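In what follows, a single structure is set out as structure tokens and then discussed.
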Amino acid sequence: MRVSKELNSEKIRVTLDVLGEFIKDLGEAKKNKQEYLELIDITFKNGINGNFSAKPTSFGLLIDKEICYSHCRDIVAKAASYNGFIRIDMEDSPCTSLEIELFRRLKTEFPANVGLVLQAYLKRTHDDLKGLADLNSEAVPLSIRLCKGIYIEPEAISYKKKEEINQHFIEDLEFMLKNRIHAGIATHDKKLIDAAYRLISQYNVPKHLYEFQMLYGVTPNLRQSIVNNGHPMRVYVPFGEKWFGYSTRRLKENPKIAGHIIKALFVKG
């Protein structure tokens, strides 16, 4: 809550995430749901300008998808009671179709309170975007967070070269902005940020239809430059006991965050 308030004071929104995924039993799923319900209450009682990210495998997606749906629905309903928003995170490729299906079900009942993440390095992503476009409307835009992707995937289904991934990120983003799909532009890559600036200008995209998104503690100077340029910014604030898996994946993606992880181990906050 302290970090979120500090970011809010800098005109930055947050998205909060309780770390944990790929559970082994449904008892953990229920516990994770309860933690999210409490988090949502506490966040709004603290007046935080933020939303929430949730990984479906932490609610049993790969064990029982109906139980997972029930838990996720409870979380979205709780957020909706505050006029809040839940972002359904995207995980590795065995989860992709299941998570799109889950999102569709939730979006139908809570059109303004739920969004999805798609990953530019998957070869299917542009088709997935087109397939979800029927959920988009001017009154309640479809909300997609577009990131590069950090899971290790087979070459048959994913782009491996940075240049290729960046090219497809830009193509996906252009489709979203051109079609007035709300875009969460999730990147720390200055080249992609500059490309996003050009597309926003080209399609005259209003500020309520996009935001830049970054991880807490990563490229703060670049983040500030985006805010200074007058663009909406949201920072992902993860927390919880199950930090190790998250941290190691992020280290593979961006070794520069090692210092932030070490500092967090020894310095309060």
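Report the gain in length on full extension from Glu101 to Asn204: 0.36 nm times residue separation, minus Cα-Cα distance, nm rounded to one decimal.
33.9 nm
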When P(r) over Cα pairs in 10 Å bins from 0, in percent is calculated directly from the model, which label among (1) 6, 24, 31, 22, 10, 4, 2, 1, 0; (2) 7, 28, 35, 22, 7, 1, 0; (3) 6, 30, 40, 22, 2 fits? (3)
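With the contact rule set at Cα under 8 Å and sequence spacing of 6 or more, what percent relative contact order holds for region 74-216?
20 percent
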Distance in nm between pseudo-label sites at Glu138 and Lys160 (7 Å out along the Cβ direction from Cα): 4.7 nm
For a quick check, take a GNM of the chain with Cα springs below 10 Å and name the residue from Pro206, Pro141, Pro56 with the largest mean-square fluctuation. Pro206
Could you list which residues have their amide H under 5 Å from that of Met90, counting only those 5 or more apart in sequence or on another chain, with H placed in the peptide plane? Val117
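Around Thr96, with a cut-off of 9 angstrom between Cβ atoms, what is the net charge of the other residues, counting Lys and Arg +1 and Asp and Glu -1? Write down the numbers at each step before the final one.
Details: positive: Arg124; negative: Glu91, Asp92, Glu99, Asp128.
Charge balance in the 9 Å sphere: -3.
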Whole-number percent relative contact order across region 58-107, with pairs defined as alpha carbons under 8 Å at least 6 apart: 29 percent
Just subtract the alpha-carbon distance of Leu222 and Leu37 from 0.36 nm times their residue separation and send over the number in nm, one decimal. 63.3 nm
Please give the net charge around Leu122, taking every other residue with its beta carbon less than 11 angstrom from that of Leu122, where Lys and Arg add +1 and Asp and Glu add -1. -2
Sequence gap at least 6, Cα distance under 8 Å: using those rules, report the relative contact order of region 1-99 to the nearest whole percent. 30 percent
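If you take every DSSP beta bridge fully contained in the chain, what fraction is antiparallel? Give it as a percent rounded to 5. Don't skip to the end; give the middle numbers.
Numbers: 1 of 32 bridges.
Expressed as a percentage, antiparallel bridges in the chain total about 5.
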Peptides ranked, highest mean first, by Cβ atoms within 10 Å: ranges 67-73, 6-12, 46-52: 67-73, 46-52, 6-12
Enumerate the amide H contacts of Tyr236 below 5 Å, restricted to partners 5 or more residues apart or on another chain; note that Pro and chain-start residues carry no placed amide H. Thr15, Met214, Leu215, Tyr216
Under a 10 Å cutoff between Cα atoms, tell me which one of Leu173, Leu61, Leu37 has the largest fluctuation in the Gaussian network model of the chain. Leu37
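Just list whichever of Lys45/Lys123; Lys78/Lys207; Lys5/Lys123; Lys5/Lys160; Lys78/Lys123 have alpha carbons separated by over 30 Å in the model shown.
Working: Lys45/Lys123 42 Å; Lys78/Lys207 27 Å; Lys5/Lys123 38 Å; Lys5/Lys160 38 Å; Lys78/Lys123 34 Å.
Exceeds cut-off: Lys45/Lys123; Lys5/Lys123; Lys5/Lys160; Lys78/Lys123.
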For the chain, whose charge dipole is built from +1 on Lys and Arg Cβ atoms and -1 on Asp and Glu Cβ atoms, the candidate among Ala195, Ile12, Ile185 with its Cα farthest towards the positive end is Ile12
Enter the accessible area per residue of the chain (Å², integer; probe 1.4 Å; all protein chains in place). 48 Å²
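The values are calculated or read from the model by the stated rules, or taken from the named source; none is laboratory data. Everything numeric in this text was worked out from a predicted model, so none of it was measured. Please note: Cβ atoms are built from the backbone with ideal geometry, for glycine as well, and neighbour counts cover all protein chains shown. Keep in mind that these areas ignore ligands, DNA and RNA; they rest on the heavy atoms of the full protein, side chains included. Shrake-Rupley method; radii C 1.70, N 1.55, O 1.52, S 1.80 Å.
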